[in-house]
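Take a look at the structure set out below.
The values are calculated or read from the model by the stated rules, or taken from the named source; none is laboratory data. In this text the structure is predicted, and so the values were computed from the model without any measurement. Using ideal geometry, Cβ is built from the backbone for each residue, glycine included, and neighbour counts are taken over all protein chains shown. Accessible surface areas use protein heavy atoms only, side chains included; no ligands, DNA or RNA. Shrake-Rupley method; radii C 1.70, N 1.55, O 1.52, S 1.80 Å.
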Amino acid sequence: MAQKLEIADILVSSAVITAEQKERAVKMAATSKCSFSEAVVKLGFAKDDAIAIAISKQLGIPYASRENKVLKVERGQNLEKVINEAYAREHCVLPLFLDETVLAVAMTNPEDMVLVDNLRLLTGGLEIQPFVASRAQILKAIDEFYVSGGSIIEKTMASSQAGADDVQEVVEGAERVDLDQLAQGAQGAQVVSLVNAILKQAISERCSDIHLESYDERVMLRFRIDGVLYERMAPLKKDFLGVVSRLKILSRLDIAERRLPQDGTFAIKVQNRNIDLRVSICPTVYGEKVVLRILDKGAVELDINKIGLEPKQKADFLEGASSPHGLLFLTGPTGSGKTTTLYSVLNTIKTPEMNFMTIEDPVEIKMEGLNQVQVRSSIGLTFASALRSFLRQDPDVILVGEVRDQETAQTCLRAALTGHLVLSTLHTNDALSAVVRLIDLGIEPFLLSSSLAVTAAQRLVRKLCPHCKKPCRPDPKDAEMAVKGALLSPAPDPARVTFYEAKGCDKCARTGYLGRIAIYEVYRIVPEMREIIYKYGGDLGRLRESAQRSGMWNLRASGWRKVLDGITSIAEVLSVTIAE
């Protein structure tokens with residue numbers, strides 16, 4: 001307890017927290033058996049980084065972070081053998097570099113002399129030089145340094161080092177590039193193996209996006225897993241151009257063009273799984289940045305019962321989707337799973353007696369029974385032009401990938417008014433803002449009020465790992481907020497609800513989360529809401545009040561229901577949603 005109070009006094013004297021907040025955090029640390037710093041973060045009094053900076057200033061110990069590039073392990077010193085992964089995770093420490101007999105170690109509490117002495121014994125008498133870092137940043141750095149999946153790339157790079165001296169670096173200047181040398185390098189065994197290793201590792205780690213980018217002195221490789229980017233061992237700087245050229249060749253792009261953005265696709269087969277990759281290349285000041293979106297057809301389950309909709313939300317959604325005509329809009333940011341939801345709906349209502357047509361950019365999910373069209377702006381095939389053609393194809397249901405402009409919005413409206421069901425997406429912050437956006441695009445309120453059937457929004461939250469999630473006692477205010485915010489009737493007793501938090505195990509790569517699930521707000525446009533749209537246009541306040549009277553609820557309420565079901569954590573819902 002003395003060490004906790006010592007950190008507590010530092011934070012109070014640094015004005016990071018108040019004396020009252022200190023007392024609350026001390027009580028929570030005692031009851032929850034966590035550190036004082038963790039209690040401060042969980043209570044929302046301060047962020048991890050602010051705590052670490054305060055400790056650094058008060059004690060005069062260097063601060064390490066990813067931003068100042070100090071929280072970076074020196075490769076090639078076998079530091080993973082000096083401090084093994086299990087010990088690093090248990091005590092939240094990370095070896096940074098070894099200078100003769102001095103080992104630099106990042107830790108959250110450099111005043112913990114017991115830990116420092118144990119590190120000295122563990123490392124065979126090395127002098128320990130502590131650095132202060134936040135717990136979150138240390139754990140993320142541990143994931144990147146000790147990651148077992150990294151061995152695929154690491155082994156590939158190690159096996160290629162024997163012939164590394166024979167590979168010549170291509171000059172970066174556009175005018176001086178030797179295209180023959182570039183093409184030859186892209187087909188070299190070393191580069192081919194390296195690209196294959198990156199793809200295999202990404203797929204094995206359930207990665208949704210691969211980010212490969214070049215900077216002044218190094219190359220960065222990052223995988224987006226469950227919505228969060230994690231850094232992985234990157235190719236060497238001299239191999240970067242070859243790797244990019246290899247990806248361009250696979251995607252049938254121009255390897256000589258490095259000044260303009262390029263987009264392409266290619267497909268691979270891994271463990272009998274057909275996987276499509278969408279490639280986007282964008283020029284930056286240090287070279288080209290590559291992002292690969294992994295579209296694993298086998299990982300997408302188009303079952304409306306399993307995507308996260310609550311029973312009432314599913315009923316409202318399907319009621320709108322089963323109408324013979326009308327507009328159904330789904331909103332949310334890029335990568336929030338809108339396409340998966342819409343295809344789950346189509347998979348539910350699809351019958352041979354109806355004609356389904358879609359226009360998308362790109363077509364990510366291919367489904368039998370749908371006539372799917374890919375946007376090709378270069379030849380004039382846009383959303384609007386395809387929609388005009390669809391209306392002459394005797395459609396029953398039309399799916400438009402995204403409404404981006406006035407022409408597309410008005411064509412969708414005309415299709416809905418002439419007896420077709422139109423499903424589409426918009427980029428707005430919430431579901432009811434779709435009304436404002438459509439009016440802003442030139443749709444008359446009286447036409448919108450008569451055609452709009454359902455507007456919905458969704459976000460993805462990480463699911464707690466079922467193998468390691470552990471029960472916890474959240475702050476009473478947070479527990480009460482979750483129970484009341486779920487809008488259940490009758491509301492459960494917070495004391496009788498079991499809340500869970502992330503822990504971390506081998507199954508979830510020590511993150512505490514495994515997979516994601518969608519949370520929704522689904523607003524079926526009832527007569528009262530139609531009248532509001534007709535009379536007041538985009539009056540969000542009136543629309544929200546009407547939706548609440550009809551028993552509908554927002555994203556955060558859906559998130560709280562997932563918390564009460566033990567699917568996700570309070571912290572995850574708070575990070576993804578906002579309070580109205």
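Some points to look at:
Residues are listed down the side, and each one gets a yes or a no for (1) among the hydrophobic types (A, V, I, L, M, F, W, C); (2) in contact (Cβ under 8 Å) with a residue 12 or more places away in the chain; (3) surrounded by fewer than 20 Cβ atoms within 10 Å (Cβ to Cβ); (4) in a helix (DSSP H, G or I):
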residue	(1), (2), (3), (4)
Val522	yes, yes, no, no
Arg530	no, yes, yes, yes
Arg556	no, yes, no, yes
Ala571	yes, yes, yes, yes
Leu574	yes, no, yes, yes
Ile578	yes, yes, yes, no
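- Taking the listed residues Val363, Val290, Val270, the one that is without any contact (Cβ under 8 Å) to a residue 12 or more places away in the chain, farther than 23 Å from Tyr520 by Cβ and open to solvent by less than 40 Å² (accessible area, probe 1.4 Å) is Val363, with no other qualifying.
- Just one of the listed residues (Leu295, Leu247, Leu221, Leu229) is open to solvent by less than 20 Å² (accessible area, probe 1.4 Å) and either closer than 22 Å to Lys140 by Cβ or in contact (Cβ under 8 Å) with a residue 60 or more places away in the chain (or both), namely Leu221.
- Lone unmet requirement of (1) open to solvent by less than 60 Å² (accessible area, probe 1.4 Å); (2) under 22 Å from Arg293 (Cβ atoms) for Thr408: (2)
- Residue, farthest from Ser433 (Cα to Cα), within the range 534-554, restricted to residues that are open to solvent by less than 40 Å² (accessible area, probe 1.4 Å) and part of a loop (DSSP other than H, G, I, E, B): Gly551
- Of all residues in the range 15-37, those that are surrounded by 17 or more Cβ atoms within 10 Å (Cβ to Cβ) and at pLDDT below 80 total 3.
- Answer residue from the range 502-513, given it is at pLDDT below 90 and not in a loop (DSSP other than H, G, I, E, B) and is surrounded by the most Cβ atoms within 10 Å (Cβ to Cβ) among those: Cys508
- When Gly566 is tested against the conditions (1) assigned to a helix (DSSP H, G or I); (2) within 30 Å of Ile203 (Cα to Cα), the lone failure is (1).
- Residue in the range 313-324 that is open to solvent by less than 70 Å² (accessible area, probe 1.4 Å) and within 18 Å of the chain's Cα centre (by Cα) present: no
- Among the residues of the range 187-204, those that are touching a residue at least 60 places away in the same chain (Cβ under 8 Å) and surrounded by fewer than 19 Cβ atoms within 10 Å (Cβ to Cβ) comprise Gln187, Lys200.
Conditions tested, residue by residue: (1) touching a residue at least 24 places away in the same chain (Cβ under 8 Å); (2) under 23 Å from Gly125 (Cα atoms); (3) open to solvent by less than 70 Å² (accessible area, probe 1.4 Å).
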{"position": "Phe45", "(1), (2), (3)": "yes, no, yes"}
{"position": "Ala64", "(1), (2), (3)": "yes, no, yes"}
{"position": "Val70", "(1), (2), (3)": "yes, no, yes"}
{"position": "Glu80", "(1), (2), (3)": "yes, yes, no"}
{"position": "Asn84", "(1), (2), (3)": "no, yes, no"}
{"position": "Leu94", "(1), (2), (3)": "yes, yes, yes"}
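- Selection of the range 230-260 for residues being under 15 Å from Leu212 (Cβ atoms) and outside any helix (DSSP H, G or I) yields Tyr230, Glu231, Arg232, Met233, Ala234, Pro235, Leu236, Ser251, Leu253, Arg258.
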